[in-house]
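Only one structure is covered here, and it is reproduced in the block below.
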Amino acid sequence: MRYKPALNVASARLCNPSAWKAAALVACILCNGIQMTHSQSCDQSLGIHFTEKAAAYGVNFHHRANHTSMSYPLEVMGSGVALLDYDNDGRLDIFLVNGAAFPDPNPSKQAPQKSGPEYWNRLYHQKSDGSFEDVTAKAGLAGEGYGMGVAVGDYDNDGNEDLFVTGFPHNHLYHNNGNGTFTDVTDAAGVAGEGWSTSAAWVDLDQDGFLDLVVLRYFKWDFDDKDCPTPDGVRSYCDPKVFPAIEPLVYRNDKHGHFVEVARKIGIDKPSKGLGIAIADYNRDGKIDVYVANDGMDEFLYRNKGNGTFEETGVSANVATDENGRNFAGMGVVFEDLNNDGLPDIVVTDLAQQTYPLFLNQGNGTFDYASSTAGLTRLTMSHSAWGIQALDAGNRGVRDLIAAQGHVNVDIQKDNPQLNYLEPPLLLRNAGRVYQDASACLGDISKQPFAGRGLATGDLDNDGLVDVVMTGNDGQAYILHNESSKARHWITIQLVGVQSNRDGIGAEVRVTTAKTKQFATVSTSGSYESSSDKRVHFGLGDEDSVKSVEIRWPSGAKQTIVPPSTDRFYTVTEGKGVTAVSCGKHPCATQPVHPSA
Ligand SMILES: [Ca+2]
Ligand SMILES: [Ca+2]
Ligand SMILES: [Ca+2]
Ligand SMILES: [Ca+2]
């Protein structure tokens, strides 16, 4: 993965106003010069603050990458994290994916083994006091092989979240038994796959009420594959260009615990170097679409044709390349409405000397490349990122962006002294039409570089502020507790599908207040190799009432509720209305009234 970034910073593309024209002048003034470091202090007036608490919470995970003298590409790409409530106690738990051991060098066709507990994947259960306990052994989730990603979805609609773990040379599906244990049902389900899998997404592609599964693979590779020495003869990481692309694995759920591979049949089958996947209905036709972030080739957007098949429309939708038609090293992805116009937008992470591309949905089936006008070119050109999520860090009613950063090449500084292998995470505050670097508000971790990879979001302590968990390659996991101002209001919605898949994945939730409208798609996918809390969270700023919450279920059913209070967690069941209300960590100050559907 010795990427040789060909790009020079072209001043022409820095100031190329195409969208958000009103802001273009401001953005162009700001974008003189590339920012190389984070701003040093957090502007307290922003009301955003995070504290890293992994050790305090009892999460002492250490990812084992097993870096060898052979520089196998597998070593630098992991791994993911999932936030899920596996035991339905109302508190999010944390699942972390780990690597495995293999000899240096490793013989071909010899699978890496989790030879000791240091290589286990780990499940941390959140206790009632907010600390975590390692329950991996009891849960039966230590895993096999070299792990990469994780995707959470209740594929059998029994009310218990199941886990799909990707990796090399096979993937694993763990059925949640509902009693704190999981059973590896990979073979019975027919989803082992083969090769090197990365990110996966649970999504009901055919709208039959059961989640299907899309699994990306990176490229065709095995341990005896190409050797890419440096000029002085030392074995080094290969540029991914030397490996052939490979089609994803797409599994249709047959509703009886078994899956059928249908990639070619339904047209999600272009050879890919897939690292990131996210879902949203970009063209507003009621059919969920799929975006695939590819490394060093065109990015893909699979449009759902509504007849069970898909058409890849990345080029015509203007999301395949940057604005100059150049490919980038697509890794993580966000597919959400970032400017509150009711249309899902796209952000992709990539390597230094490539800006993180922002594609704004124009509402006509195409997107505008808006990294320059939104300030992302200036803010991200010197950085490399993997996991990324949109979150409203300070409950202002707009979505910010948070990314786990670090270059892929351990030796990047040798040839590029201005770049770093280890980087602190990036928090981009949505300041209206441009983003501003608010990374210093992440606390001490903003001064603590690491090889960031996975990233997942979710309100761990149910206090109405969304928290973040990140992984580091060959390093620890980080838990960023959101300690932003509690002065602002919020509402969080959890859906329970009946005709639709029980998780409600693919449902759209629209929140209307006196001043604003916000929109979100229920999903656990996105980011990089990771799986986030399925609940949808909306910051409301100073507004303490919500006019309506409109839901469009994957089944096509529409439902509207009027929540009587803000600052609460509402569970909405398809066709029934609000079936539970909680104030999270604390008892509700006043007894909430259950509205009708
Ligand atoms: Ca739990
Ligand atoms: Ca289940
Ligand atoms: Ca669509
Ligand atoms: Ca929280």
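Bear in mind that the values in this text are calculations on the coordinates, not laboratory data. What you are looking at is a predicted structure, and each value in this text was computed from that prediction instead of being measured. Here the Cβ is made from the backbone with ideal geometry for all residues, glycine too, and neighbour counts use every protein chain on show.
Table for the structure above
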{"item": "FRET efficiency, Lys305 to Lys255 (Cβ-Cβ, R0 22 Å, nearest 0.05)", "result": "0.45"}
{"item": "Computed over the stretch 350-499, Cα set: Rg, Dmax in Å", "result": "16.5, 56"}
{"item": "Net lengthening on full extension, Ser41/Asp158 (0.36 nm per residue, minus Cα-Cα)", "result": "37.4 nm"}
{"item": "Likely footprinting exposure, Thr573, Thr373, Thr349, fewest C-beta neighbours within 10 Å first", "result": "Thr573, Thr373, Thr349"}
{"item": "For the stretch 83-161 versus the stretch 364-419, the gap between their alpha-carbon centres in whole angstrom", "result": "28 Å"}
{"item": "Computed over the stretch 467-597, the ratio Rg/Rh where both radii use C-alpha atoms and Rh is Kirkwood", "result": "0.99"}
{"item": "Rough spin-label spacing in nm, given labels placed 7 Å along Cα→Cβ, for Asn60 and Asp232", "result": "3.9 nm"}
{"item": "Extension gain (nm, one decimal) between Lys127 and Ala111, 0.36 nm per residue minus Cα-Cα", "result": "2.2 nm"}
{"item": "Spacing of the two label points (7 Å from each Cα toward its C-beta) at Gln362 and Arg284, in nm", "result": "1.5 nm"}
{"item": "Cβ-based charge dipole, the stretch 475-597, positive-most Cα from Ser485, Ala520, Gly577", "result": "Gly577"}
{"item": "Additional length obtainable on full extension of the chain from Lys558 to Thr181, 0.36 nm per residue less Cα span", "result": "132.2 nm"}
{"item": "Cα coordinate range in the stretch 158-285, projected on the principal axes (Å, largest first)", "result": "58, 40, 21"}
{"item": "Label-point separation in nm, Met70 to Thr516, each point 7 Å along Cα→Cβ", "result": "5.1 nm"}
{"item": "Per residue Cα convex hull volume in Å³ - calculated over the chain", "result": "132 Å³"}
{"item": "Cβ-placed point charges (K, R +1; D, E -1), dipole of the stretch 472-570 about Cα centre in debye, nearest 20", "result": "460 debye"}
{"item": "Sites Ala192 and Thr51 - FRET efficiency at Förster radius 51 Å, r taken between beta-carbons, to 0.05", "result": "0.80"}
{"item": "Neighbour net charge for His489 - beta-carbon separation under 15 angstrom, K R +1, D E -1", "result": "-1"}
